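Engineer: Handing you a structure now.
What follows draws every value from the coordinates through simple rules; no lab data is involved. Please read these numbers as outputs of a predicted model, since none were measured by experiment. Using ideal geometry, Cβ is built from the backbone for each residue, glycine included, and neighbour counts are taken over all protein chains shown.
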Amino acid sequence: MNLQVVNIIQVLVVATLSPLMAGILKKVEAIVESRKGVSIFQPYYDLAKFFRKELVIPTNAGVVYVLAPIVSFTCYLILPMVLPIVYYNPCPYAPMVDFLGGAFIFGLASFISIIATADVNYYTAIGASRAVTFGSFAEPTLIMVFFGVALITGTNNPFITNHVLARNIQWILSPTHLLMIAAFFMLLLFDTGKIPIESEGLMEFGMIDEGKTMEYSGLLYALSKWGSYMKSFILMSVFLNVFAFPWGLATNTSMQSIIFGIATLIVKMICLILGFVFVEETFAKLRLFKLIDYLTISFLLAILSIISFFIFGGVAY
Amino acid sequence: MIVSIVHFLGVLILLTAFEILAQSYIRPMINTVALQSILLAIIMILIGLSEKRVDLLILSVLTIAIRGVAIPEVLKKDIRKRGIWIYREVETRVPALVIIGLIISIAGYVIYKELSVFIGRNGDLPFILFLLGFLVIIAKKNALTQMVGYIIEENALLYAGIIISHMPLILEAGVFLDLLALVLAGVILAAEKDYGVLELEELVG
């Protein structure tokens, strides 16, 4: 199979499977809470409904307001081309960016959604300002995790990181790497708005991400909702394929191999979802001003991983 | 293999010190310091088994008995007895304390790099733990927590004793008894007064 086709397959996997994973998460949570829960395909029905709804734009909204969901959705469509989602070698556009480049594309998506919604109404302004405040505390952890990866592998490229980790089991079990996984997992919970943060509810006290999309409707709301599903999916697959479990990706471009890669990705992701459900069902939601404590602890883990790299020389024997 | 597990446990010990630094309630803090001592005892057992040293195994049993069980029980009994300890630390300042702890860790690593010529290699973690114990004593404002900080320092010394050079068993056992006596004396002294959480405040003019 041509690499360009693999590229398109990766984008399609992210675009089509991301609502399914959100649905599975909701369903598993419902089962744990002894509820019947909605169907795992509910996010697809929701998206279909949002696409059919009428588009209303507030009078004080500008051009950026309309462009923002489209731009951020496009960013999330670009990211699967440059990250290891199902195929373990770089696709044609992957050499253009490394980890930091990927973080810049993520950054563009959140930047445009913040400036678009910062002054539309009271609730969107709350969402935007909170996203900036807490985002600025989350960023040092991300940078430190990237530094840690760069220390282990000597590069900032996600594909090489994946190869190095998959070949060296002693790296996987080193304190440096385990602490890095813990820091990145905390960051993942923050970025996807899972329970210690719970940014997705409509409760005003804890509203972060949901606040920003408050005024959107119709097509634009559907795009931003779909974009948030894709963002979760991409972050989860980066966590799995680059950090936590670098095995099981497609190793060649044949049809069977790619299907195998997609299947293992789904299995790995369901395991990660079980981890999310465990956290969501056992922890209480943090109060908003405690989020900085939470992010400080993730920063602590990231720094300790780097300190332990220097103390132990990184590799476990 | 043993070495990597010991390294990992060392990092966990460091994490427990940070947990104590960030914790604002007293009972979880005492539980954490007990956990820290037990982790240290596991390190002793591992090194004792791999190097076939009986004294380390005896020491690990002593550590679990005294630091893992007896001292935390004494401290917790004091909490149960007097309602004043159920209160939390007056100011929490978690982000600030954690960041200061991190700076101290990095500084400790850099300083130890210079000191290691004289003292011996691999002592980075005990040294950092020792400094963090200081920080706990400085930053926290009530007597029981400061005693917890003291136990962290003792743990750091014991850890250094295991990792860097072989200390005689009798010396270690003496330190254990000292620690127990000190905690008892501290609890008795604290029981004499009824200021509780804010008792350092009275020293301020």
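Engineer: Are there trypsin sites (Lys or Arg not before Pro) in region A:31-116 that DSSP marks as loop and that have at most 11 other Cβ atoms within 10 Å, and which are they?
Structural biologist: For trypsin sites (Lys or Arg not before Pro) across region A:31-116 that sit outside H, G, I, E and B with at most 11 neighbouring Cβ atoms in 10 Å, the list reads A:R35, A:K36.
Engineer: Quick one: order A:T59, B:T16 by neighbouring beta-carbon count within 10 Å, fewest to most.
Structural biologist: A:T59, B:T16
Engineer: Given the C-alpha centroids of region A:118-150 and region A:86-110, what is the distance between them in whole angstrom?
Structural biologist: The distance from the Cα centre of region A:118-150 to that of region A:86-110 comes to 19 Å.
Engineer: Can you give the Rg to Rh ratio for chain B, taking only C-alpha atoms and Rh from Kirkwood?
Structural biologist: Result for chain B is an Rg/Rh of 0.98.
Engineer: Using helices alone, what [θ] at 222 nm do you get for chain B, with -39,500 (n - 2.57) per DSSP H run of 4 or more residues, divided over all residues and rounded to the nearest 500?
Structural biologist: -26000 deg cm²/dmol
Engineer: Let me ask something else. Where nothing but the Cβ of Lys and Arg (+1) and of Asp and Glu (-1) is charged, how large is the charge dipole of chain A around its Cα centre, in debye to the nearest 20?
Structural biologist: That gives a dipole near 480 debye.
Engineer: Consider just the alpha-carbon atoms of region B:92-150 and return their Rg together with their Dmax, both in angstrom.
Structural biologist: Over region B:92-150's Cα set, Rg and Dmax evaluate to 12.8, 38 Å.
Engineer: Would you tell me the mean number of C-beta atoms belonging to other protein chains that fall within 10 Å of each C-beta in A:300-307, as a whole number?
Structural biologist: 5
Engineer: Now a separate question. Listing B:T32, A:T253 from the residue with the fewest other Cβ atoms within 10 Å to the one with the most, what is the order?
Structural biologist: Least to most surrounded, the residues fall as A:T253, B:T32.
Engineer: Scan region A:1-74 for chymotrypsin sites (Phe, Trp or Tyr not before Pro) in coil per DSSP, keeping those whose Cβ has at most 14 other Cβ atoms within 10 Å, and list them by number.
Structural biologist: Sparse-neighbourhood loop chymotrypsin sites (Phe, Trp or Tyr not before Pro): A:F41.
Engineer: A further question on this structure: How many Cβ atoms of partner chains, on average, are near each residue of B:97-105 if near means within 10 Å of its Cβ?
Structural biologist: 3
Engineer: Which order, highest average first, do A:128-134, B:145-151 follow once you tally other Cβ atoms within 10 Å for each residue and take the mean per peptide?
Structural biologist: Ranking the peptides A:128-134, B:145-151 by packing returns B:145-151, A:128-134.
Engineer: While we're here: Give me the net charge of A:I40's neighbourhood, meaning all other residues with Cβ under 13 Å from the Cβ of A:I40; Lys, Arg count +1, Asp, Glu -1.
Structural biologist: Result for the local shell: +1.
Engineer: Related question: Calculate, axis by axis, the spread of Cα positions in region A:3-312 along the three principal axes, and write the results as whole Å, longest axis first.
Structural biologist: Principal axes ranked by extent give 56, 45, 44 Å for the Cα atoms.
Engineer: If you don't mind, there's one more thing I want to ask. Residues with amide H under 5 Å of A:A250's amide H, sequence separation 5 or more or different chain, H placed in the peptide plane at 1.01 Å from N; which?
Structural biologist: Correct list: A:Y87, A:Y88, A:G261.
Engineer: For chain B, what relative contact order do you get, as a whole percent, if you take Cα pairs closer than 8 Å and at least 6 residues apart?
Structural biologist: Here the relative contact order equals 24 percent.
Engineer: On to the next question. Under the Karplus relation 6.51 cos²θ - 1.76 cosθ + 1.60, θ = phi - 60°, what is the ordered set of whole-Hz ³J(HN,Hα) values for region A:258-267, x standing for Gly and Pro?
Structural biologist: Result, rounded to whole Hz: 5, 5, 4, x, 5, 5, 5, 4, 5, 4.
Engineer: Would you work out the charge dipole size for region A:30-186 about its Cα centre, treating the Cβ of every Lys and Arg as +1 and the Cβ of every Asp and Glu as -1, and quote it to the nearest 20 debye?
Structural biologist: Rounded to the nearest 20 debye, it is 380 debye.
Engineer: Could you give each residue of region B:159-173 its phi-based ³J(HN,Hα) in whole Hz, using Karplus coefficients 6.51, -1.76, 1.60 with θ = phi - 60°, and x for Gly or Pro?
Structural biologist: Result, rounded to whole Hz: 4, 4, x, 6, 6, 7, 9, 8, 8, x, 4, 5, 5, 4, 4.
Engineer: Based only on Cα atoms, what mean projected area does the convex hull of the protein assembly as shown have, in nm²?
Structural biologist: Value for the protein assembly as shown: 28.8 nm².
Engineer: Shifting gears a bit: What is the order of A:E33, A:E215, fewest Cβ neighbours within 10 Å to most?
Structural biologist: Ascending number of Cβ neighbours within 10 Å: A:E33, A:E215.
Engineer: If you don't mind, another one. Within chain A, what is the number of lysine pairs with alpha carbons under 18 Å apart, leaving out pairs fewer than eight places apart on the same chain?
Structural biologist: 19
Engineer: While we're on this one: How long are the semi-axes of the equivalent ellipsoid of region A:135-228, defined as square roots of 5 times the Cα gyration tensor eigenvalues? Whole Å, largest first.
Structural biologist: Working from the Cα gyration tensor, I get semi-axes of 34, 15, 11 Å.
Engineer: Working out 0.36 nm times the residue gap between A:F310 and A:A284, then minus their Cα-Cα distance, what length gain in nm do you get to one decimal?
Structural biologist: Residue separation times 0.36 nm, minus the Cα-Cα distance, leaves 5.8 nm.
Engineer: Straight-line reach from B:K76: which lysines have a Cα under 27 Å away, not including same-chain ones fewer than 8 places off?
Structural biologist: Excluding near neighbours in sequence, the set is B:K140, B:K141, B:K193.
Engineer: Right, another one. I need the phi-derived Karplus couplings for region B:25-39: 6.51 cos²θ - 1.76 cosθ + 1.60, θ = phi - 60°, integer Hz, Gly and Pro marked x.
Structural biologist: Residue by residue, region B:25-39 yields 9, 7, 5, x, 5, 5, 4, 5, 5, 5, 4, 4, 5, 5, 4 Hz.
Engineer: How many angstrom separate the Cα center of region B:35-59 from the Cα center of region A:1-58?
Structural biologist: Centre-to-centre distance over Cα atoms comes out at 52 Å.
Engineer: Follow-up. Is there a simple number for the mean count of other chain Cβ atoms within 10 Å of the Cβ of residues in A:28-34, and what is it?
Structural biologist: Per residue, the average neighbour count from other chains is 0.
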